[in-house]
Amino acid sequence: MSDVETDLLIVGAGPTGLYGAYYAGFRGLSVAIIDALPEVGGQISALYPEKAIYDVAGFPAVRGQDLVDALHTQAAKWGPVMLLGKSAVGVAERPDGIDVLASDGTTVRAKALLITAGIGNFTPRELPVGSAYHGRGLRYFVPRPSELAGLDVVVVGGGDSAVDWALGLEPIARSVTLVHRRPQFRAHRRSVEELHASAVRVLTPYEVHGIGGDPVLDTVVVSTRSGERETLPAQAVVAALGFIADLGPIEGWGLELRRRHILVDRTMRTSLPRVFAAGDIADYAGKVKLISIGFGEAALAVNHIAPLVDPSLSIVPGHSSDL
């Protein structure tokens, strides 16, 4: 792909980045978005597309993927350049902007940069046994639950993802068993209550002792610490054991960081000129990580970016209904 010139480059195509792209277009800026994942949506699309989200203004409840699709449609109104499946690997400052090198060799020449990369790069913690079955029945993500329809599914883990996937698969799978090594769950209390009221079989405290089947898995052996074992029929195992997150190349850009988060001021400005951050990756005193707050942070950042890009623009946009 040829090099790209734009007013604003957004690093991260999750909800905050998509809303930032829409709002920047609304303010009259040209926008490009880069994301290492091959599709927009960030963690929502990768981890819990079927989960209902309850803390977004205007929606009593909204399915994760529906929210992403609506944000994508909203941003598309202004025609942002989408650089998906590519990582931002390096930056170089210019007097009037910043150049960002993409992993495919593309250089994006932007007048400002907004980082909305969530938790950065994230990789799943592997199931200690049965790694050879990855792609042959063992998986760490469920982007399309319909692929598991009619199967016996074993979900491993005790956090929100494990409980959400168990509940989401229960109506379509032949059977769902949730295996967790502790009696207590880390998931949200309401979700755990729903889990125990569902048809999902809950095995605690159990661990996966082994996986069998050739060429694809067909059994899972679980055990207690006392040695009690049980063999479960299973054509799919969903391992939801958490993720290892790091900032990737962003960590070497010279930004002021705190515990793998980018420090910003009250305008969402970072320690580098013309570089702003919003959403989960941004940190400041009193920070609360909510999607709705990420939207506000993106709008705040864009309004302070606008006069940097075009001095004729004001920080204060006025009422949208008047524009």
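The table that follows gives values for the structure above.
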item: Contact order normalised by residue count of the chain, Cα under 8 Å, 6+ apart, percent; result: 19
item: D (Stokes-Einstein, µm²/s), Kirkwood Cα radius, segment 126-239, 0.692 mPa s at 37 °C; result: 237
item: q = 0.15, 0.16, 0.29, 0.30 Å⁻¹: log10 I(q)/I(0) that the Debye formula gives for segment 157-200, counting C-alpha atoms only; result: -0.30, -0.34, -1.11, -1.17
item: Rg followed by Dmax, in Å, when segment 178-323 is reduced to its Cα trace; result: 24.1, 72
item: Segments 272-283, 194-205 sorted - mean Cβ within 10 Å per residue, highest first; result: 272-283, 194-205
item: Relative contact order (%) - criterion: Cα under 8 Å, at least six apart; region: segment 126-239; result: 32
item: Cα convex hull of the chain - mean projected area over all directions, nm²; result: 18.4
item: Whichever lysines have a C-alpha closer than 28 Å to that of Lys77, once near sequence neighbours (fewer than 8 apart) are set aside; result: Lys51, Lys86, Lys111, Lys289
item: Semi-axes of the equivalent ellipsoid for segment 21-131, Cα gyration tensor, largest first, Å; result: 27, 22, 11
item: DSSP-assigned coil residues among chymotrypsin sites (Phe, Trp or Tyr not before Pro) in segment 2-95, each with at most 11 further Cβ atoms within 10 Å; result: Tyr54
item: Whole-Å distance, taken between Cα centres, linking segment 65-104 and segment 139-170; result: 31
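Bear in mind these aren't lab numbers, they're just calculated from the coordinates by the rules spelled out. Owing to the predicted nature of the structure, the values given are computational and were not obtained by experimental measurement. We place every Cβ from the backbone using ideal geometry, glycine too, and count neighbours over all the protein chains shown.
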